[in-house]
Amino acid sequence: MKNLVTILLLFCALGAFAQKNSSSGTAPEAAYKYRVSTPYFILTDPIGGGWNDRTSTQMVELHVKRNLDDKNIIGVKFATWRLFQPMGITWWDGLLDKIDSGSEFYDGYLRETGIGISYQRMLWKGLFATVEVLPQIQTYTDLEGNKIKNGFKVYNSYHLGYHIAFGKKKRIFIEPQVHVNQWMFDNNSPAGFKEMDDKYGNVFLFEPNIYVGVSF
């Protein structure tokens, strides 16, 4: 909840900042061949709670990208996270209320880990669109961390955001964005997990996020 509020506030502030500074220009992305980034909330998560909290996602995500030119960017994505309730619970399903109440928690955890690919296209100035495809190995455990079984998922996400570079050489950047997330082949879950997942869909709309990174 604290992370969500922080992200939304920063999203608003950065949107205003981008409009104010759009006339100043940025260094051509082709000036740097590579970039590394991670979601902002991963860096702030320890402030909001402990790694082993019941609702901690224990998320680690890293992107390494190659600038083909000033418009086209390809990358490799590594991500791992721990789910404590179905990913398909949307905002209009009462996502935050269900986290607070614990009414839809699994009787355990689902760890998902994978390495995938991404393609980012610069559309206009800093505006961009990105597609990410992430095959994942799933590990279902009980609350004590004992393994129940394994599964497989292909997690896809579609992004629309804005690239804002800082500093004299424009190496440091942030990318406020909105995601649409969709997944498939998620069909090997234990009975208790499946019962919870079947209540919801396999799409999550309008996830706000901010990536922070450096170009080199």
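Label Asn187 and Lys149 with points 7 Å out from Cα along Cα→Cβ: what is the distance between them in nm?
Label-label distance for Asn187 and Lys149, simple model: 1.4 nm.
According to a simple spin-label model (label point 7 Å from Cα along Cα-to-Cβ), what is the distance in nm between Ala31 and Asp93?
Between Asp93 and Ala31, the label points sit 4.5 nm apart.
With +1 on each Lys and Arg Cβ and -1 on each Asp and Glu Cβ, and nothing else charged, work out how big the dipole of region 96-216 is about its Cα centre, in Debye to the nearest 20.
Approximately 1000 debye in magnitude.
Which peptide among 91-101, 178-188 comes first, and what is the full order, when sorted by highest mean count of other Cβ atoms within 10 Å?
Ranked by mean Cβ neighbours within 10 Å, highest first: 178-188, 91-101.
Val203 to Lys169: FRET efficiency via 1/(1 + (r/R0)^6), r the Cβ-Cβ distance, R0 45 Å, to the nearest 0.05?
E between Val203 and Lys169, to the nearest 0.05, is 0.70.
Loop-only trypsin sites (Lys or Arg not before Pro) in region 142-216, please: DSSP not H, G, I, E or B, and at most 16 other Cβ atoms within 10 Å.
Counting only loop positions with at most 16 other Cβ atoms within 10 Å, the trypsin sites (Lys or Arg not before Pro) in region 142-216 are Lys168, Lys169, Arg171, Lys199.
Can you compute the modelled spin-label distance between Ser103 and Leu160, with each label point 7 Å from Cα toward Cβ, in nm?
3.1 nm
Restricting to Cα atoms and excluding each atom paired with itself, what does the Kirkwood estimate give for region 110-200 in Å?
15.6 Å
Any read-out appearing in this document is the output of simple, stated calculations on the displayed coordinates, not a laboratory observation. In this text, all values refer to a predicted model and were calculated from it rather than measured experimentally. All Cβ positions, even for glycine, are placed from backbone atoms using ideal geometry, and neighbour counts span all protein chains on display.
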